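The values are calculated or read from the model by the stated rules, or taken from the named source; none is laboratory data. These figures come from a predicted structure and were not determined experimentally. Because the Cβ atoms are built from the backbone with ideal geometry, glycine has one as well, and the counts that use them run over all protein chains shown. All accessible areas refer to the heavy atoms of the entire protein, side chains included, with ligands and DNA or RNA removed. Shrake-Rupley method; radii C 1.70, N 1.55, O 1.52, S 1.80 Å.
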Amino acid sequence: THFQWDKIDIRYNVLYAVGYVNGKAVANDYIVLHHLPEAPHLNTLYKDVANIAAPAKNYNYIYRVNCGGPAYKDHSGNIWLADKAIPVPSLAKSTAKTWGSSSWTDDFKGMPSFFASQRKTNDPIKGTTDQQLFQSFRYGREKLKYSFPVPDGEYLVEFYFTEPWWGTGGGTDCSGWRLFDVAVNDKTVFKNIDIWKEAGHDAALKKMVKVNVKGGSLVVSFPSVAAGQAVISAIAIASLNKNIQPATSPASLIQHLEVSDKGNLKNWQLNEWLDTGDKQYTNETTAFSTLPSNLYGAEWIAVPNNVGHHDKSLATFIVATDADIFIAVDQLIKEKLLWLNDFADTKTTLSSSNGKAYAIYKKRFQKGEQVVLGTNGIAANGNAAMYAVMALPATTMEPAYDLKPVISLKAVTGNLKGPGITKGKLDGKDRVIFTNASAENLLEWNFNIGAADIYSFTISYNNPKAASEQGLLQFFSADGKLIKEETVAFVTTRPGKSNYINTNSGSMINAGNYMILLSAKNAEGLSINSLDIQ
């Protein structure tokens, strides 16, 4: 059953839910929210917690990795590196110069490195004060690996886990729902790990093992998964040899950031793994509150919000590989910034805790190409917020369907032809209504698309008659060339509801002007609401 509470005064950042059956509490759950004042008793969630990530005595920690998340400084002051993917061409060669992760996506050219293998939970994690270290995680099967260059010798390897999914709310025995092995250099060191059975839901679990390495590489893998998928939150590798140094991380996408105001360079910061709750600016507490789904995990630049208006470029950088650069501009700036003329409007937005919304523009850059960041513009009130800058490796994946812009045309905005078609209202909504039968009745929409692609057409209508009626849909280019023609059926509609005709352009069409004609010679009483083009 879905429960919904509207207009509730949520004052603090912790929500706590309890489920009862016959007056007995049988399930409970917490979530910690962004952008709200800290709950007065938040620290009780972490009270009397041991420092599970504390370093082992006398060991030199060569690598600490926050699996599936950004760089993180723990409560002992140690830095955990951001999860970085080894570039695919490097997988076939020696990886002695860099450490990094790999997953199933490496078998598919053009796939984002972390696609369908990374998540984050906002649930509080029991048993640790280092919440962020456990809230992000990687998941997968035998293709998920972490490779670390190290000299031959003995190493202490620490694995950190949490069960983010099974057992939410409590009251269910989830033993055996997730079972997986962990191996180091293809030798299984832990068999059938069952995180829920050992630690429960949303609780920190640490396992340690000593291994001997030969061949200059320590590879962590998950060779056997008996149930579910393997899940890993963090990995640490240490040695008693104080002289061993880590290999470098794979190169960041954003390279050679140069700021016009040299004295302000320290206020421009490169970051990995963009997420809601991250501070948008380096000089204030404003944070991202909503993001389009494709920008989670992006590299990004935290900028100062006191740059002011400049006619010259503010900064430049180089992309290390083919990349999509996204610029999020304050929507109070009504006119598109000139330096963004060759950027495409994604028709998506992000928002911040300061209440501002930002329109997002995108452009693809080639490896080694320079990106020039121009003025942030002037809003109508003279106080434009500084734009945000994000970067993602170029992929061949289609954008998520719900991120593709929709052109929505009301029927009443179209051109009407014929003696038996008129504008009217149905259920309080403006509609085009076929009042009398005629072969001359015609509804015409003209529209423009800005990108070459295959397009879907969705027509919303209402047919109150007991029988279906036939119509004809014709799709033309601006020069009058018929691209597609098909017979469509207007089936009976329930009172107060709408039905939909779903079709498409039939093939890829170029950017430009087009026309759709809809006719229905015998459809008395039929009403058309809208046409959506995507």
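I'd like to check which strands (runs of 3 or more DSSP E) are fully inside region 78-191 and have at least 1 residues that are over 13 Å from VAL219 (Cα atoms) and among the acidic types (Asp, Glu).
Filter on region 78-191 gives 153-161, 179-184.
Checking the structure you have, find out if any residue of region 267-283 is of a type in the set (D, E, K, R), out of contact with any Asp or Glu (no Cβ under 8 Å at 6 or more places or on another chain), farther than 25 Å from ALA251 by Cβ and open to solvent by 60 Å² or more (accessible area, probe 1.4 Å). Give the derivation first.
Start the filter on region 267-283 by keeping residues that are of a type in the set (D, E, K, R), which leaves 272, 275, 278-279.
Now restrict to residues that are out of contact with any Asp or Glu (no Cβ under 8 Å at 6 or more places or on another chain): 275, 278-279.
When the remaining residues are screened for being farther than 25 Å from ALA251 by Cβ, the result is none.
Checking region 267-283: not a single residue is of a type in the set (D, E, K, R), out of contact with any Asp or Glu (no Cβ under 8 Å at 6 or more places or on another chain), farther than 25 Å from ALA251 by Cβ and open to solvent by 60 Å² or more (accessible area, probe 1.4 Å).
Is it fair to say LYS206 is open to solvent by 10 Å² or more (accessible area, probe 1.4 Å), in a strand (DSSP E or B) and either in contact with a Leu (Cβ under 6 Å, 6 or more places away or on another chain) or in contact (Cβ under 8 Å) with a residue 24 or more places away in the chain (or both)?
yes
Taking region 292-312, which residues are in a loop (DSSP other than H, G, I, E, B) and open to solvent by less than 20 Å² (accessible area, probe 1.4 Å)?
Of region 292-312, the ones in a loop (DSSP other than H, G, I, E, B) are 292, 296-298, 304-312.
The answer is PRO292, ALA298, PRO304.
Out of (1) crowded, with 17+ Cβ neighbours inside 10 Å; (2) among the β-branched types (Val, Ile, Thr); (3) touching a residue at least 40 places away in the same chain (Cβ under 8 Å), what's the single condition that is false for VAL189?
(3)
Tell me which residues, restricted to region 475-530, are open to solvent by less than 20 Å² (accessible area, probe 1.4 Å), in a loop (DSSP other than H, G, I, E, B) and under 16 Å from LEU416 (Cα atoms).
Result: ALA520, ALA523, LEU526.
Does region 230-251 contain at least one residue that is at pLDDT below 95, open to solvent by less than 60 Å² (accessible area, probe 1.4 Å) and under 24 Å from LEU392 (Cβ atoms)?
Checking region 230-251: at least one residue is at pLDDT below 95, open to solvent by less than 60 Å² (accessible area, probe 1.4 Å) and under 24 Å from LEU392 (Cβ atoms).
Looking at VAL211, VAL220, can you tell me which residue is in contact with a strand residue (DSSP E or B) (Cβ under 8 Å, 6 or more places away or on another chain), part of a strand (DSSP E or B) and open to solvent by less than 10 Å² (accessible area, probe 1.4 Å)?
Values: VAL211 fails: open to solvent by less than 10 Å² (accessible area, probe 1.4 Å).
Among VAL211, VAL220, only VAL220 is in contact with a strand residue (DSSP E or B) (Cβ under 8 Å, 6 or more places away or on another chain), part of a strand (DSSP E or B) and open to solvent by less than 10 Å² (accessible area, probe 1.4 Å).
In region 27-50, which residues are open to solvent by less than 70 Å² (accessible area, probe 1.4 Å) and not in a loop (DSSP other than H, G, I, E, B)? Talk me through it step by step, then tell me what you get.
Narrowing region 27-50 to residues open to solvent by less than 70 Å² (accessible area, probe 1.4 Å): 27, 29, 31-34, 36, 39, 42, 45-46, 49.
Of everything in region 27-50, those that are open to solvent by less than 70 Å² (accessible area, probe 1.4 Å) and not in a loop (DSSP other than H, G, I, E, B) turn out to be ALA27, ASP29, ILE31, VAL32, LEU42, LEU45, TYR46.
So which of THR346, THR375, THR321 ends up being in contact with a Pro (Cβ under 9 Å, 6 or more places away or on another chain), at pLDDT below 90 and either surrounded by 15 or more Cβ atoms within 10 Å (Cβ to Cβ) or more than 23 Å from LEU265 (Cβ to Cβ) (or both)?
Criteria check complete, one pass: THR346.
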